[in-house]
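Note sheet for the following structure.
Derivation of every value follows stated rules applied to the coordinates shown; laboratory data play no part. Values in this document were obtained by computation on a predicted structure and should not be read as measured data. Cβ sites come from the backbone with ideal geometry, for glycine too, and all protein chains shown count toward neighbours.
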Protein chains: 2
Amino acid sequence: MSILAVGSVAFDDITSPAGSVKNVLGGSATYFSLAASYFTEVRIVAVVGDDFTAEHENILKKRGVDTRGIEHASGNSFHWGGHYTENLNEAKTDYTHLNVFERFQPRIPAEYQDTQFLFLGNIHPNLQAAVRLELDKVRLTGGDTMNYWINGTRPELLETLKLVNVLLINDTEAKMLAGDSNLPRAARKVLAMGPQALVIKHGEYGATIFFREGAFGIGTHPFRAPALPIEEVKDPTGAGDSFAGGFMGYLASQSELNREVLKRALFYAGVMGSFAVERFGTERLQSLTREEIEGRFQLFRELSHLE
Amino acid sequence: MSILAVGSVAFDDITSPAGSVKNVLGGSATYFSLAASYFTEVRIVAVVGDDFTAEHENILKKRGVDTRGIEHASGNSFHWGGHYTENLNEAKTDYTHLNVFERFQPRIPAEYQDTQFLFLGNIHPNLQAAVRLELDKVRLTGGDTMNYWINGTRPELLETLKLVNVLLINDTEAKMLAGDSNLPRAARKVLAMGPQALVIKHGEYGATIFFREGAFGIGTHPFRAPALPIEEVKDPTGAGDSFAGGFMGYLASQSELNREVLKRALFYAGVMGSFAVERFGTERLQSLTREEIEGRFQLFRELSHLE
């Protein structure tokens with residue numbers, strides 16, 4: 001089943017202890033699409049400017065991504081500059097030029113109307129909701145958000161959360177959204193806001209999925225996929241979006257959503273996130289093989305597997 | 001096989017968002033001993049003052065702990081006061097009265113000379129080394145340390161690490177000891193200092209064990225035991241010592257040290273640490289049942305278990 005990603009396509013300037021790059025293709029929808037493309041067919045809805053050339057589009061097309069939903073507007077694309085210090089867990093933003101993204105109104109091509117799997121990247125919750133409501137064949141909606149929307153547009157976000165089946169956020173975001181510093185309690189509170197499942201990302205420690213009572217008919221026990229620590233982290237940009245791409249891409253590739261499928265999806269999510277950080281930008285995600293992905297999946301599985 | 005714990009026995013005054021207690025029995029050797037007592041026989045070497053009564057000793061004796069190694073000195077016992085704010089991950093120390101602990105010189109009773117499993121709690125590295133060198137039948141030495149010794153007595157600590165088979169420390173300590181903010185690289189550097197295995201504790205995210213090439217003849221792949229997040233964390237004091245008690249206690253109870261035994265030990269470590277935080281002080285560790293321990297072990301195992 002193909003999956004539709006809505007979000008940003010951007011150019012990034014990134015500095016980390018491992019080096020520096022300028023004008024590399026980035027954005028939440030880009031990372032998500034490339035990661036998901038190893039599991040299923042991917043469609044993308046985003047807006048770009050005049051600086052987005054055929055060469056950039058080819059990065060997506062080479063992975064089979066359907067780019068008909070990319071709107072070309074006059075001006076420059078979203079441009080982000082940031083850096084990481086020795087502690088690679090946190091990005092420091094140097095500048096954010098929204099450019100054409102500032103007036104982004106997602107337009108769904110007619111060919112995408114049969115979309116059954118949808119991922120709402122980190123954009124204004126009202127835009128997320130509008131996209132979801134425009135598509136009437138959706139079976140599963142995944143969503144992301146961030147502190148900016150949690151604090152700045154809380155009422156709108158709470159409305160959108162009623163439309164999201166699986167919310168994927170990190171520890172800080174979950175605790176902020178719930179107003180509770182205890183993780184499992186925070187999870188319970190977020191699930192009460194609408195989502196049937198909540199994936200909380202723990203960075204290098206992996207991720208945990210919490211389920212609402214009765215969700216997917218699979219019980220309420222949480223599940224954790226550990227991540228193998230990576231020795232060479234070059235650039236954490238896009239790790240969370242690549243994680244979401246692995247998760248949603250694997251789900252969309254399966255005929256049934258049961259507990260075992262969701263567990264495996266969480267492992268594939270960690271796998272794709274861990275590949276993303278090994279090179280600057282999307283470089284590593286452009287040329288993976290299914291063998292490499294399966295190899296790391298087995299490593300992650302062995303990491304915590306008791307006989 | 002019995003295990004000998006060397007460390008502190010103390011009285012603690014603790015305040016957390018869940019409440020406040022005064023003069024509760026604590027100290028690294030106390031938490032370690034109680035946790036380990038569910039797996040094997042435990043001996044303890046520590047020093048206490050006049051305020052340590054038969055009632056306090058009975059807390060240990062009831063769990064079968066051999067207290068003949070507790071030295072009674074004139075004065076007050078080690079007394080620690082601290083508090084936790086909403087973020088329960090970090091203790092803020094209000095006061096530390098070393099009292100009789102200031103001149104602690106571990107004395108090993110003759111009856112303990114056959115000790116084969118040893119745990120060196122968080123004390124001056126010179127004292128840790130002296131204890132280890134006094135015992136010539138030891139098969140496995142576990143050790144703890146902290147920022148205070150890493151920064152203040154680094155040369156002494158490096159000597160002691162050559163005598164320690166398994167070092168158990170947290171992320172911050174491992175990175176500080178190695179001078180490297182990348183966890184797996186830090187682990188490699190610490191293992192080069194002497195230990196055959198390094199257990200890095202990640203708090204609520206569990207723990208990872210890293211192995212030196214050739215250690216225990218079990219390969220170098222790391223292993224992670226995830227911890228189930230606990231909804232009601234009342235008091236994190238002693239979680240790390242209880243973790244170590246579960247780990248070393250389980251190892252001492254086994255006839256062979258192979259990879260599967262070390263993996264299970266890491267799970268039992270997380271189990272005992274998670275019980276410890278559910279009540280103030282050692283309360284929860286005083287009256288557990290083997291059934292409760294096995295039940296949580298299964299929960300933790302299920303948490304990340306893929307078919």
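Numbers below:
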quantity: Inter-centroid distance (Cα atoms) of the stretch A:233-307 relative to the stretch A:1-74, Å; calculated: 18 Å
quantity: Per-selection Rg to Rh, the stretch A:206-254 - Cα, Kirkwood hydrodynamic radius; calculated: 1.06
quantity: Copy-to-copy label separations for A:Thr153, where each label sits 7 Å from Cα toward Cβ, in nm and ascending; calculated: 5.7
quantity: Extension reserve of the B:Asp136-B:Lys92 stretch, reckoned as 0.36 nm per residue once the Cα distance is removed; calculated: 12.0 nm
quantity: Cα centre as origin, Lys/Arg/Asp/Glu Cβ charges: the stretch A:1-124 dipole, Debye; calculated: 200 debye
quantity: For chain A: rounded, prolate or oblate by the Cα gyration tensor [a/c cutoff 1.5]; calculated: rounded
quantity: Within 10 Å of each Cβ in B:220-228, the average number of Cβ atoms from other chains; calculated: 5
quantity: Number of partner chain Cβ atoms within 10 Å, mean per residue of B:200-209; calculated: 4
quantity: Diffusion constant of the stretch B:174-228 at 25 °C, which comes from Stokes-Einstein with the Kirkwood Cα-pair radius and 0.890 mPa s, µm²/s; calculated: 215 µm²/s
quantity: Estimated D of the stretch B:81-180 in µm² per second, where Rh is the Kirkwood radius over Cα pairs and Stokes-Einstein applies at 37 °C, 0.692 mPa s; calculated: 216 µm²/s
quantity: Loop-exposed trypsin sites (Lys or Arg not before Pro) per DSSP, neighbour cap 13 Cβ within 10 angstrom, longest uninterrupted part of chain B; calculated: B:163-307
quantity: Of A:Lys175/A:Lys263; B:Lys137/B:Lys189; A:Lys61/A:Lys263; A:Lys22/A:Lys62; B:Lys92/B:Lys162, pairs whose Cα-Cα distance is over 26 Å; calculated: B:Lys137/B:Lys189; A:Lys61/A:Lys263; B:Lys92/B:Lys162
quantity: Value of Rg to Rh for the stretch B:161-307 (Rh from inverse mean 1/r over Cα pairs, i.e. Kirkwood); calculated: 0.96
quantity: Shortest-first distances to equivalent copies, position B:Gly295, nm, label 7 Å out along Cβ; calculated: 4.4
quantity: FRET efficiency, B:Asn258 to B:Asn126 (Cβ-Cβ, R0 22 Å, nearest 0.05); calculated: 0.10
quantity: Segments A:236-248, A:75-87, A:116-128, B:147-159 sorted - mean Cβ within 10 Å per residue, highest first; calculated: A:236-248, A:116-128, A:75-87, B:147-159
quantity: Helix-derived mean residue ellipticity, 222 nm - over chain B, DSSP H n ≥ 4, -39500 (n - 2.57), to 500; calculated: -10500 deg cm²/dmol
quantity: Shortest-first distances to equivalent copies, position A:His83, nm, label 7 Å out along Cβ; calculated: 3.8
quantity: Peptide-level mean, for A:183-192, of C-beta atoms on other protein chains within 10 Å; calculated: 2
quantity: Global geometry of the protein assembly as shown, whether rounded, prolate or oblate, following the gyration tensor of its Cα atoms and the 1.5 cut on a/c; calculated: prolate
quantity: Separation of the B:Lys162 and A:Ala192 label points, Cα + 7 Å toward Cβ, nm; calculated: 5.9 nm
quantity: Top positive-direction residue, dipole computed over the protein assembly as shown with Cβ charges, set A:Leu251, A:Gly19, A:Pro195; calculated: A:Leu251
quantity: Virtual spin-label span in nm between A:Thr172 and B:Ser20, 7 Å along Cα→Cβ; calculated: 3.3 nm
quantity: Estimated distance in nm for a label pair at A:Glu41 and A:Glu294, the labels positioned 7 Å out from Cα along Cα-to-Cβ; calculated: 2.4 nm
quantity: Chain B: relative contact order in percent, alpha carbon pairs under 8 Å with at least 6 residues between; calculated: 18 percent
quantity: Cα gyration tensor, the stretch A:2-52 - rounded (a/c under 1.5), prolate or oblate; calculated: oblate
quantity: Dipole magnitude of the stretch B:93-238 about its Cα centre (Cβ charges: Lys, Arg +1; Asp, Glu -1), debye to nearest 20; calculated: 540 debye
quantity: Test item: Cα-centred dipole of the protein assembly as shown, Lys/Arg +1 and Asp/Glu -1 on Cβ, debye; calculated: 660 debye
quantity: DSSP-defined beta bridges in chain B - what % are antiparallel, rounded to 5; calculated: 40 percent
quantity: Dipole of the stretch B:1-133 [Lys/Arg +1, Asp/Glu -1 at C-beta], most positive-end residue of B:Gly69, B:Val9, B:Val47; calculated: B:Gly69
quantity: Estimated Rh, the stretch B:1-112: Kirkwood, alpha-carbon pairs, angstrom; calculated: 14.6 Å
